[in-house]
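Chemist: Below is the structure I would like to discuss, written out as structure tokens.
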Amino acid sequence: MADFHFIRPLWLLLLIAALLMPLVLKQFRSSDSGWTRIIPARLLTPLIQSSSTDGVGTRSPALPMMLAIALLSIALAGPSWRESPTPLQQQDDSLVVVLDLSLSMLATDVEPDRLTVAKRKIRDILEAREGSLTALVVYSADAHVVTPLTDDRQTIEGMLGVLDPVIMPAAGNRADLGIERGLNLLEQGAPGKGRLLLISDDVADRYQNSIRSTLTDSPYSLSTLVVGTPKGGPIPLERQGFIRDQGEIVITRADPDAMASVARSSGGQSHPLTITSEDIRALELRSEDAEEWQDSKLDVTVKRWQDDGYWLLWLAIPFALLGWRRGAVIVLAFIILPMTPRSAMAQSWDGLWQREDQRAPEMIRQNPEQAAQTLSDPDLRGSALYRSGDYESAIESFSKGDAPSAEYNRANALAKAGKLEEAVEAYDQFLEKHPDHEDARFNRDLVKDLLEQQQQQQNQSDQQNDQSGDSSNQQQQNGQQGSENQNSDQNPSSNPQNQSESQGEQQQQNGENSQQSQQEQNGQQDQQQEQSEGQSQSDTEADNDQTEAQAPAELDTSPLTQGQEQWLRRVPDDPGGLLRRKFLQQYQQRNTQTDEGDTPW
């Protein structure tokens, strides 16, 4: 027992309450209940028995309550005397932050500028995601990975300080390339639930379709954080004033609607960037928002003190029942409730105060499979089935719904199930009733494009099959002609004597050529050998001279002088130089084509 100690010793302060329990009970019994001022004594006496009228056999609850509180205090303090290996775990959640590094992020419509505010928010996200995997991607005219998925927040925080549009190899605003690069990181083996978070001021219309196409068949959602204001602001450059376009100062404006539209198309959410943690909670970016934990891939275990105090809780229960006989039912309720499955307890409790449509969003988010079994409304049940990936059942459920959005959701489920022609018909029917529904129109056009691509691929494959069939027939015909030629007496190669003579002449010619080439190679090798010998001899002489000149010198181990230290301090410290060179090399290797329609800011 030399290692015996308490993990949470402050809970031992409850022992003071246990010692004061007899005094509290005595004071409670001797005190006036207050009813004597309202009810006459002759009527109150039969209802309330004072300590003077208690029977001799009345049992005081002080002792059992003291023992119950004492045992509870020791149990909560966490008595421990042994260690056990515990595997390290990380939360089953991966997040790739895609940060806009275009010139528009230097706008000053928010103080001090959009980029500074965005980098502060990334630090807050990293702090809220302690223990979870996070990656960082930046983009302008091209996208680059700053850090892959890692649970080391200090690695990402160390890179944030040097992120600036000037380190990017070219100016632009290619949000589609940033999303594509972040999606590649998740597809390379992100554990558990993966998400993308875009932090920007706007997504150009020309790139929204590309982003939606990239995320169409992906299980990962995209959420957006909007930095900046719709009023916008100018873009200052150091020692160059503001960016101008044809003499006019450029005012770049944030577009929350465009950011929200891109997020909704992939099942994500959008929120304006705030100075509080409201946006982090709304987008569920915290570690505590992750529902599951998984063992670390490093397979590392640590020794932790085992908390054995829970055994004392079973001893405290009987004393609590003896001390509070009339409250035994409540005590049993506290015993039974923790044994009830959390999901069932939450549903039964919420069902007392909320309607099904109020409980459905949270149920679908937590466990869509179980929500599909619990919900009775066809529209809500269809949403749960859609979120769980059971698109066939979702189509059937949405078909029974009567909500205005049921037909639109049914069309989405048809598209996800691969029934593109039926999805286009469902979108058309929905647009006839709701012609102003932009999302439905966009999805309809996207599905039609996919359908046309499939038809083109099918036609190409049919043409290739036809061509392959024609080529096989041609080869068969050629084979027949070749066999006929071999059987013909007019073919010179069919004569063995002629064939041997031609082979002999060919071998003789090859031998002469090989002999001549061999002589030329030997001459070149002799010439190279002479040159190398002369060069090595001169190099040896130079090395000897250099060795003789350096022989008297000794290694200087004296400390740097003050002048040398001042000279070293003049060397510019450029921590972003490594990233700048890395991004430039990647940009040149990829040979990314500049989009003429893209703006440099």
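The values are calculated or read from the model by the stated rules, or taken from the named source; none is laboratory data. Predicted model only: the values in this text are computed from it and were never measured. So basically every Cβ, Gly included, is an ideal-geometry build from the backbone, and we count neighbours across all protein chains shown.
Chemist: Which residue out of 86, 108 is at negative phi, among the β-branched types (Val, Ile, Thr), surrounded by fewer than 20 Cβ atoms within 10 Å (Cβ to Cβ) and modelled with pLDDT of 90 or more?
Modeler: Residue meeting the stated conditions: 108.
Residues checked against (1) in contact with a Leu (Cβ under 9 Å, 6 or more places away or on another chain); (2) of a type in the set (S, T, N, Q); (3) modelled with pLDDT of 80 or more:
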site: 4; (1), (2), (3): no, no, yes
site: 12; (1), (2), (3): yes, no, yes
site: 15; (1), (2), (3): no, no, yes
site: 27; (1), (2), (3): no, yes, no
site: 49; (1), (2), (3): no, yes, no
site: 63; (1), (2), (3): yes, no, yes
site: 66; (1), (2), (3): yes, no, yes
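Chemist: What is the residue count in the stretch 154-179 for residues that are farther than 21 Å from residue 235 by Cβ, out of contact with any strand residue (DSSP E or B) (no Cβ under 7 Å at 6 or more places or on another chain) and not small (Gly, Ala, Ser)?
Modeler: Counting residues in the stretch 154-179 that are farther than 21 Å from residue 235 by Cβ, out of contact with any strand residue (DSSP E or B) (no Cβ under 7 Å at 6 or more places or on another chain) and not small (Gly, Ala, Ser) gives 3.
Chemist: Could you look through the stretch 358-401, keep only residues that are of a type in the set (Val, Ile, Thr) and over 27 Å from the mean Cα position of the chain (by Cα), and pick out the one that is modelled with the lowest pLDDT?
Modeler: So, considering only residues that are of a type in the set (Val, Ile, Thr) and over 27 Å from the mean Cα position of the chain (by Cα), the one modelled with the lowest pLDDT is 374.
Chemist: Right, something else. Taking residue 146, is it among the aliphatic types (A, V, I, L, M), in a loop (DSSP other than H, G, I, E, B), touching a residue at least 40 places away in the same chain (Cβ under 8 Å) and closer than 19 Å to residue 119 by Cα?
Modeler: Spelling it out, it is not the case that residue 146 is among the aliphatic types (A, V, I, L, M), in a loop (DSSP other than H, G, I, E, B), touching a residue at least 40 places away in the same chain (Cβ under 8 Å) and closer than 19 Å to residue 119 by Cα.
Chemist: Can you find even one residue in the stretch 161-178 that is in a helix (DSSP H, G or I), hydrophobic (A, V, I, L, M, F, W, C) and surrounded by fewer than 16 Cβ atoms within 10 Å (Cβ to Cβ)?
Modeler: yes
Chemist: Find all pairs meeting these conditions: Cβ atoms under 7 angstrom apart; at least six residues apart or on different chains; first residue within the stretch 349-372 and of a type in the set (Asp, Glu); second residue at pLDDT 80 or above and assigned to a helix (DSSP H, G or I).
Modeler: Going by the 7 Å Cβ cut-off, the qualifying pairs are 356/380; 357/380; 369/388.
Chemist: Which one of these does residue 123 not meet: (1) within 28 Å of residue 237 (Cα to Cα); (2) surrounded by fewer than 16 Cβ atoms within 10 Å (Cβ to Cβ); (3) in contact with a Ser or Thr (Cβ under 6 Å, 6 or more places away or on another chain)?
Modeler: Evaluating residue 123 over (1) within 28 Å of residue 237 (Cα to Cα); (2) surrounded by fewer than 16 Cβ atoms within 10 Å (Cβ to Cβ); (3) in contact with a Ser or Thr (Cβ under 6 Å, 6 or more places away or on another chain) leaves (3) as the failure.
Chemist: Considering each residue of the stretch 179-192, count those that are touching a residue at least 60 places away in the same chain (Cβ under 8 Å), closer than 26 Å to residue 592 by Cα and assigned to a loop (DSSP other than H, G, I, E, B), and give that number.
Modeler: 0
Chemist: Out of contact with any strand residue (DSSP E or B) (no Cβ under 7 Å at 6 or more places or on another chain), more than 18 Å from residue 212 (Cβ to Cβ), aliphatic (A, V, I, L, M) and in a helix (DSSP H, G or I) - does that describe any residue in the stretch 396-416?
Modeler: Yes: one or more hits.
Chemist: Considering only residues of the stretch 128-143 that are assigned to a loop (DSSP other than H, G, I, E, B) and not small (Gly, Ala, Ser), which is farthest from residue 195 (Cα to Cα)?
Modeler: Taking the candidates together, the pick is 142.
Chemist: Might you let me know whether the stretch 299-312 holds any residue that is at pLDDT 80 or above, hydrophobic (A, V, I, L, M, F, W, C), touching a helix residue (DSSP H, G or I) at 6+ places or on another chain (Cβ under 7 Å) and farther than 30 Å from residue 124 by Cα?
Modeler: Scanning the stretch 299-312 turns up at least one residue that is at pLDDT 80 or above, hydrophobic (A, V, I, L, M, F, W, C), touching a helix residue (DSSP H, G or I) at 6+ places or on another chain (Cβ under 7 Å) and farther than 30 Å from residue 124 by Cα.
Chemist: Can you tell me which residues in the stretch 193-206 are buried (at least 21 other Cβ atoms within 10 Å of the Cβ) and either closer than 11 Å to residue 173 by Cα or of a type in the set (Phe, Trp, Tyr) (or both)?
Modeler: Within the stretch 193-206, 200, 201, 202, 203 meet the criteria.
Chemist: Here's another thing I want to ask about it. Across the stretch 273-298, what is the number of residues that are assigned to a helix (DSSP H, G or I), of a type in the set (Lys, Arg) and either at pLDDT below 85 or in contact with a strand residue (DSSP E or B) (Cβ under 8 Å, 6 or more places away or on another chain) (or both)?
Modeler: So the answer is 0.
Chemist: Hey, any hits in the stretch 225-248 for a residue that's touching a Lys or Arg at 6+ places or on another chain (Cβ under 9 Å), of a type in the set (S, T, N, Q), under 30 Å from residue 411 (Cα atoms) and surrounded by 15 or more Cβ atoms within 10 Å (Cβ to Cβ)?
Modeler: Among the residues of the stretch 225-248, not one is touching a Lys or Arg at 6+ places or on another chain (Cβ under 9 Å), of a type in the set (S, T, N, Q), under 30 Å from residue 411 (Cα atoms) and surrounded by 15 or more Cβ atoms within 10 Å (Cβ to Cβ), which makes the answer no.
Chemist: Can you find a residue in the stretch 345-357 that is among the aliphatic types (A, V, I, L, M), assigned to a helix (DSSP H, G or I) and modelled with pLDDT under 70?
Modeler: Yes - at least one qualifying residue is present in the stretch 345-357.
Chemist: To continue, here is another question. Scan the strands (runs of 3 or more DSSP E) fully inside the stretch 193-272 and keep the ones with 1 or more residues being touching a residue at least 60 places away in the same chain (Cβ under 8 Å).
Modeler: Once the strands (runs of 3 or more DSSP E) in the stretch 193-272 are filtered for at least 1 residues that are touching a residue at least 60 places away in the same chain (Cβ under 8 Å), what remains is 193-200, 221-226.
Chemist: Select from the stretch 368-391 the residues that are touching a helix residue (DSSP H, G or I) at 6+ places or on another chain (Cβ under 8 Å) and closer than 22 Å to residue 446 by Cα and list them in ascending order.
Modeler: The answer is 383, 386, 387, 390, 391.
Chemist: Now, a different point. Quick one: residue 117 ticks every box in (1) at pLDDT 85 or above; (2) over 30 Å from residue 311 (Cα atoms); (3) surrounded by fewer than 13 Cβ atoms within 10 Å (Cβ to Cβ) bar one, so which box is it?
Modeler: Checking residue 117 against (1) at pLDDT 85 or above; (2) over 30 Å from residue 311 (Cα atoms); (3) surrounded by fewer than 13 Cβ atoms within 10 Å (Cβ to Cβ), the one that fails is (3).
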